[in-house]
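Visitor: Pasting a structure here, questions to come.
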Amino acid sequence: MSPQYALSLKQPWAALLVHGRKTIEVRRWPTARRGRILIHAARVPDDRPQAWSHLPAEWLETAQLLGGIIGAGDLIDCCTYHTLEAFQADQHRHLNDPSWFQAPLYGFSFTNLTVLPFRRYPGWVRFFVVDNVEKKER
């Protein structure tokens, strides 16, 4: 059986991703990884009001989950943002403010996003292997 990988995001970004409001996760490093990825909510949330302004009230419960797996999605592509214009063109998918742009940035594109039952699990700053994951989806 091949290992199951996860990617950790701060809340509310993790909730926005698993609910499909956000479909691109922006990082400062590229990846060649593709396939089903578990979404992990970091132990420390993002306290910037701009992040939380994208979150509808009905997803608040998901956004309050910290330190564990909250969902999954299919990582299908990694694009490179060399210019501010390219970064801004995808803003509706990654939700980051254009002032955050500093080339190069990389966009991990996800589809088939879903919320999973919360499972406490330690995270890591890059992709990490998760053992004994239940495949059941909500």
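Please treat every number below as a calculation from the coordinates, not as lab data. These figures come from a predicted structure and were not determined experimentally. Virtual Cβ from ideal backbone geometry, glycine too; neighbours counted across all protein chains shown.
Visitor: By count of other Cβ within 10 Å, fewest leading, how are SER109, SER53 ordered?
Guide: Going from sparsest to densest Cβ surroundings: SER53, SER109.
Visitor: Continuing with this model, one more query. If I build a Gaussian network model for the chain, linking alpha-carbon pairs within less than 10 angstrom, which residue out of TRP100, TRP29, TRP124 has the largest mean-square fluctuation?
Guide: TRP100
Visitor: Moving on to the next point. Per residue of region 58-69, in order, report the coupling 6.51 cos²θ - 1.76 cosθ + 1.60 (Karplus, θ = phi - 60°) as ³J(HN,Hα) in whole Hz, putting x for Gly and Pro.
Guide: 5, 9, 4, 4, 5, 5, 8, 7, 10, x, x, 6
Visitor: Provide the per-residue ³J(HN,Hα) series for region 27-38, in order, calculated from phi with Karplus coefficients 6.51, -1.76, 1.60 and θ = phi - 60°, each as a whole number of Hz, with x at glycine and proline positions.
Guide: Residue by residue, region 27-38 yields 9, 8, 9, x, 9, 9, 5, 9, x, 6, 10, 6 Hz.
Visitor: May I pose another question? With the crude spin-label approximation of a point 7 Å out along Cα→Cβ, what separation in nm comes out for ARG120 versus ARG36?
Guide: It works out to 2.5 nm between the two label points.
Visitor: Also: Evaluate the chain: find the radius of gyration of its Cα atoms, find its Kirkwood radius, and give the ratio Rg to Rh.
Guide: Radius of gyration relative to Kirkwood radius: 0.94.
Visitor: Please list, by residue number, every one of the GluC sites (Glu not before Pro) in region 42-138 that is coil in DSSP and has at most 13 other beta-carbon atoms within 10 Å.
Guide: Passing sites in region 42-138 are GLU134, GLU137.
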